[in-house]
């Protein structure tokens, strides 16, 4: 079977509007999380990673749009525009479009939002992106909670293997909205401070917004220097609870095991783990248990939630892209917010930007509905 | 296993206040609203699963349709089954999203409900089904403007061919303003209906 | 039975959608979670919202809820002592 790669990529986030800038900020230990005071979003001040609205407007304006677009549409279009142009992939009936999002244009449900309420349909979002770029194929919108971004990569690979498409563009994203903030707050899941994944003092999540995009391809001549091969991937349900993660990490354990099997890899092959690390008590503990069941407790690991917050449907894709750059630069980036291990099993949390020869990394994510996804990626050029 | 040999083993639909299995009427309750109808159908199917009443409409609909197809396979089996779930719809979880949005409208009376918020993701339904039938399998929830037989067909084939699943429960479950519709079918190596786009469309449109 | 206990039982049944359970089936000292009524973590969060909305009691630590929601008896005593509305 043909090898499948992740190639051209882009990140539109509070840490910058392109991957190199964002990765440079991470290299320097800069977080996008700040204290936000905006009563339209949440009654009390809260920490989140939010894109500056004026910068977004200005950057989006440069594309010369000829109609009104929502905040998320602007982010997604900006994100995709760059990689479609740079890759010069012609958008034929052999090129797919996958949009991964949990809530899409959910802000348009708010009575004060001027956009029509129909905009809240995820299929509408899909067609707006499709029509902007003139994709020929029907968009595939994936809404699978917090694993959406990484599961979208698996799904692109599967559709390519099946012969449905030759190449697939994925854009993944969500925005910070009053909808999401109020919901996670009702779950008592919000941290009153910048989040601290895996730390003894962790107290919940921050929400963030991002639009990340990538080209999934089998064509060798379409590979950028930071391209990686998708070695194996899998997604397994906990079959335990709709919101709480399994105490034994069953679904995550099975996902990693199954991704390893397809990749023909084991713990010894993994140089780095880009974990989920939301900084809730239960999630981080569950991950520590699942990873240790697979002898992965000693592998350098980070959560990028301390830089971006939890960016929901974009997070898995965003974090995979940062992982690609991490491999390319042979550099491990620290899990910011972490001071002292606060889970019951050992984890090798990265504390400082460190140079290290890297070839292969594991990306994991877990979410509501008991879903878990794991994928193994390997550097193309070493 | 080649994709050409795959079959549709069984199919089930719930719409217009009727529950159908393989084209046969299982239950009908004309004249009742969705919530009354789905509870009557639940009782008729003898499901006995108290958590059903906690679910939102989309989960109730998907859960019941799945249960009709999966119960005979999973209930007497000691061994967990590797049946993947590949669902789709057009309204995602919007019916429940609107309820959550309504609960945060009034800043003076601001009490969003966690029990509602948790259902503001369409894949929660897949979680409910996985819990009931002990499925540690592949789950994915797609949103299309219309039922898309081609994508579901190709995706099920890829899961079977790559041996990520032994069977795939596919279909469409949608709840929107004053309308609901469920159509699920089980892709397997056994069965009498060929698994191809034309058959899927035929079953969907004649349900 | 006190009015508050009766009220709590009614609320728990309707707000937590326990359709199969009648008020008479819940004893004051039955445990609400685990083997008792079988409530789960989302129900606990929902009860925290109920305390706030109906009785003006704000819990910020979900762990506190664990003790308070042990039984109808314990809940009713706690509400009587702390209610602001």
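The values are calculated or read from the model by the stated rules, or taken from the named source; none is laboratory data. Owing to the predicted nature of the structure, the values given are computational and were not obtained by experimental measurement. Glycine gets a Cβ as well: all are built from the backbone with ideal geometry, and neighbour counts include every protein chain shown.
Considering segment B:86-114, and only residues there that are in a loop (DSSP other than H, G, I, E, B) and within 14 Å of chain C (Cβ to nearest Cβ), the residue that is nearest to residue A:121 (Cα to Cα) turns out to be B:104. Only residues in segment A:355-374 that are facing chain B (nearest Cβ under 9 Å) and closer than 21 Å to residue A:280 by Cβ count as the first member; pair them with residues that are modelled with pLDDT of 95 or more and part of a strand (DSSP E or B), Cβ under 8 angstrom, at least 6 apart or cross-chain, and list the lot. Filtered contacts from segment A:355-374: A:369/B:139; A:371/A:235; A:371/B:139.
In summary, residue A:196 fulfils each of the numbered conditions (1) surrounded by 20 or more Cβ atoms within 10 Å (Cβ to Cβ); (2) in contact with a strand residue (DSSP E or B) (Cβ under 9 Å, 6 or more places away or on another chain); (3) not in a strand (DSSP E or B) with the single exception of condition (2). Listed conditions (1) touching a strand residue (DSSP E or B) at 6+ places or on another chain (Cβ under 6 Å); (2) touching a residue at least 60 places away in the same chain (Cβ under 8 Å); (3) more than 14 Å from chain B (Cβ to nearest Cβ); (4) assigned to a loop (DSSP other than H, G, I, E, B) are all met by residue A:237, apart from (3).
Just wondering, is there one or more residues in segment A:337-357 that are part of a helix (DSSP H, G or I) and either closer than 30 Å to residue A:140 by Cβ or not assigned by TED's automatic domain parsing to the domain that holds residue A:50 (or both)? Within segment A:337-357, none of the residues are part of a helix (DSSP H, G or I) and either closer than 30 Å to residue A:140 by Cβ or not assigned by TED's automatic domain parsing to the domain that holds residue A:50 (or both). Go through segment A:150-159 and give me each residue that's crowded, with 24+ Cβ neighbours inside 10 Å and within 15 Å of residue A:215 (Cβ to Cβ). Scanning segment A:150-159 gives A:152, A:153, A:155, A:156. On the basis of being modelled with pLDDT of 95 or more, over 30 Å from residue A:40 (Cβ atoms) and crowded, with 23+ Cβ neighbours inside 10 Å, does residue B:123 make the cut? No: the conditions fail for residue B:123. In chain C, counting only helices (runs of 4 or more DSSP H) that sit wholly within it, the ones holding 2 or more residues that are over 12 Å from the mean Cα position of the chain (by Cα) and either facing chain B (nearest Cβ under 10 Å) or at negative phi (or both) span C:41-55, C:62-68, C:72-82. The number of residues in segment B:40-77 being over 17 Å from residue B:137 (Cβ atoms) and either within 14 Å of chain C (Cβ to nearest Cβ) or over 14 Å from the mean Cα position of the chain (by Cα) (or both) comes to 22.
Each residue in segment B:122-152 was checked for being within 26 Å of residue A:256 (Cα to Cα) and either more than 7 Å from every other protein chain (Cβ to nearest Cβ) or out of contact with any strand residue (DSSP E or B) (no Cβ under 8 Å at 6 or more places or on another chain) (or both), and 10 of them qualify.
Somewhere in segment B:96-118, is a residue touching a strand residue (DSSP E or B) at 6+ places or on another chain (Cβ under 7 Å) and surrounded by 20 or more Cβ atoms within 10 Å (Cβ to Cβ)? The answer is no; no qualifying residue exists.
Looking for whichever is more than 29 Å from residue A:22 (Cα to Cα), surrounded by fewer than 18 Cβ atoms within 10 Å (Cβ to Cβ) and touching a helix residue (DSSP H, G or I) at 6+ places or on another chain (Cβ under 8 Å) here; the options are A:246, A:344. Which one fits? Step by step, each of A:246, A:344 is checked, and only A:344 is more than 29 Å from residue A:22 (Cα to Cα), surrounded by fewer than 18 Cβ atoms within 10 Å (Cβ to Cβ) and touching a helix residue (DSSP H, G or I) at 6+ places or on another chain (Cβ under 8 Å). Counting the residues of segment B:65-85 that are out of contact with any strand residue (DSSP E or B) (no Cβ under 6 Å at 6 or more places or on another chain) and in a helix (DSSP H, G or I) gives 7. For the condition touching a strand residue (DSSP E or B) at 6+ places or on another chain (Cβ under 6 Å) and surrounded by fewer than 24 Cβ atoms within 10 Å (Cβ to Cβ), residue B:28 qualifies. For residue A:59, indicate whether it is assigned to a strand (DSSP E or B), surrounded by 13 or more Cβ atoms within 10 Å (Cβ to Cβ), at pLDDT 95 or above and not assigned by TED's automatic domain parsing to the domain that holds residue A:306. Answer is no for this residue. Residue check: residue C:22 meets all listed conditions (1) out of contact with any helix residue (DSSP H, G or I) (no Cβ under 6 Å at 6 or more places or on another chain); (2) over 30 Å from residue B:38 (Cα atoms) but one, namely (2). Screening residue A:146 with (1) facing chain B (nearest Cβ under 10 Å); (2) farther than 30 Å from residue A:346 by Cα; (3) touching a helix residue (DSSP H, G or I) at 6+ places or on another chain (Cβ under 8 Å); (4) not in a loop (DSSP other than H, G, I, E, B) gives one miss only, at (2). In segment A:242-262, the residues that are without any contact (Cβ under 8 Å) to a residue 24 or more places away in the chain never reach a residue that is in a helix (DSSP H, G or I) with C-beta atoms less than 6 angstrom apart, at least six apart or across chains.
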